[in-house]
Amino acid sequence: MSKPTPISGFPEWTPPQRMIEQFVLDRIRATFELYGFAPLETRAVEPLDQLLRKGETSKEVYVLRRLQADADGPAGDDALGLHFDLTVPFARYVLENAGKLQFPFRRYQIQKVWRGERPQEGRYREFLQADIDIVDRDTLPAHYEAEMPLVIGDALRSLPIPPVTIQVNNRKICEGFYRGVGLTDPEAALRAVDKLDKIGPEKVADLLAETAGASEAQAKACLALAEISAPDASFADAVRALGVREPLLEEGIEELVAVVETAAAHSPGLCRADLRIARGLDYYTGTVYETQLAGYERFGSVCSGGRYDNLASSGATRFPGVGISIGVTRLLGLLFGAGALSVSRSVPTCVLVAVTSEEQRPASNRIADALRSRGVPTEVSPSAAKFGKQIRYAERRGIPYVWFPGAEGAADEVKDIRSGEQMAASPGEWTPPRADLKPLVS
């Protein structure tokens, strides 16, 4: 077999990187549960008509297709696609299970998603997301939109990563403003403004004229709104100073003020009102979020989301929601690339039990069993080589302790191979220092 060629955009971490990822996921999961979110996992595929009905995603969806069609098999496989986010499948899940759920329904979901993007640093075609969403029946109070940044702020603050700033805006501000200046296609205007960081103000102005029918004055007004940014509620005065009056605009201002002030009371500096944040997906209707990682701003957002009112609906019944998603693979990929995360050892093992001879291996196995029963990660030496070779094996794997079974009734001994300290020990009583029990991520 020839040497395999890696497939770009489908990351495979090394074991130490995977341990870091597991640590990160455990911290995120613990924070989500502290806020009362329950775990959920949905299927990997959704009907294409569901995946394509909202937003500009058609070029990114991977279609599910069998290599050879089975005339007697189930129909409809060619109308399925891999989900590109976790919000659309969650909305479908709510509709299918509404009669079994208690509302407001709070769930978290940590799963892989797939997008046909051009692979580059921090962007992948297969990646892990960690989502939280809150949905309710018919109405969803706006205070949940203010809660989202608090959860994410606590989750990311629990990790050994640079500080983050959550940029917030409200679609009602944008839509109300665009209507107030006379634009009749606010969604087209939003999509154009969402490209501001990628193509710059001049090209956005051209795009506003081309896709939203904006005049030069209207495009200038839209760009002026997008320039407003503030770390506090003062953004509201800046918006009103532009002289546009519209009820939806005022509603959005009030909601965004609540988000910014709630975040400031919980964690000063966590949120910043930034009115250029639009989010490209059409289903957002209220507050939207993007998150910048200090020192990595050029790579864009590592955590995004927003309020949606019409994504999940059945007849006259609606299930409005708000959600936010941490791009776990994106976040880790950037930090791995910069060498900014490390783990204290490359294996979970804390103790290697030496083997004096192959005939005595059962005795070493019993010692290992006793240590594991007390929560100490342990493995048994692969061979009964000289103790020096067994110690070097532990050194190569980063295992901090080697356990030597006692001979002919003598006490066992355990050695810290980093310091050389060796002492008598019993597998039913000895416990390593807490810092050595599990690998430390920093």
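The values are calculated or read from the model by the stated rules, or taken from the named source; none is laboratory data. On a predicted model such as this, the values are computed, not experimentally measured, just so you know. Reconstructed Cβ throughout: ideal geometry from the backbone, glycine too, with neighbour counts over all protein chains shown. When the accessible area is computed, the model is the full protein with side chains, heavy atoms only, and any ligands, DNA or RNA have been set aside. Shrake-Rupley method; radii C 1.70, N 1.55, O 1.52, S 1.80 Å.
Inter-label distance, residue 413 to residue 209: 8.5 nm, where each label sits 7 Å from its Cα along the C-beta direction. Counting only heavy atoms of the protein chains and using a 1.4 Å probe, residue 134 has close to 0 Å² of accessible surface.
For residue 438, the aspartates and glutamates whose Cα comes closer than 17 Å to its Cα, not counting residues fewer than 8 places off in the same chain, are 21, 26, 379, 395, 416. The simple spin-label model puts a point 7 Å past each Cα toward its Cβ; for residue 442 and residue 50 those points are separated by 4.6 nm.
Expressed as a whole percentage, what fraction of the accessible surface of the range 346-429 belongs to carbon and sulfur atoms when a 1.4 Å probe is rolled over the protein heavy atoms? It is 50 percent, rounded to a whole number.
Of the Cα atoms belonging to the range 267-320, the radius of gyration and Dmax stand at 14.3, 47 Å. Please report, to one decimal in angstroms, the Kirkwood hydrodynamic radius of the range 87-151 built from all distinct Cα-Cα pairs. Mean inverse Cα-Cα distance, inverted, gives 13.9 Å. Ranking of 143, 83 by solvent-accessible surface, largest first: 143, 83 (1.4 Å probe, protein heavy atoms only, all chains present).
Can you tell me what percent of all Cα-Cα pairs in the range 304-365 are more than 14 Å apart?
Cα-Cα pairs of the range 304-365 separated by over 14 Å account for 77 percent.
Computed from point charges on the beta carbon alone (+1 for Lys and Arg, -1 for Asp and Glu), the dipole magnitude for the chain about its Cα centre is near 1220 Debye. Ligands, DNA and RNA excluded, the heavy atoms of residue 29 present near 80 Å² of accessible surface to a 1.4 Å solvent probe. With the gyration tensor restricted to C-alpha atoms of the range 169-299, the semi-axes of the equivalent ellipsoid amount to 23, 18, 12 Å, longest first. Take the Cα coordinates of the range 182-227, assign each an equal point scatterer, and use the Debye formula without solvent to give log10 I(q)/I(0) at q = 0.34 Å⁻¹. Values, matching the q order: -1.50. Take every Cα-Cα pair in the chain and report what % of them are more than 29 Å apart. I get 57 percent for the Cα pairs in the chain exceeding 29 Å. Projected label points at residue 137 and residue 79, each 7 Å from Cα along the beta carbon direction, are separated by 2.9 nanometres. The convex hull around the C-alpha trace of the range 120-202, projected and averaged over every direction, spans 9.0 square nanometres. Across the range 313-442 the C-alpha pair distances fall into 5 Å bins from zero in the proportions 2, 9, 17, 18, 14, 8, 6, 6, 5, 4, 3, 3, 3, 2, 1, 0, 0 percent.
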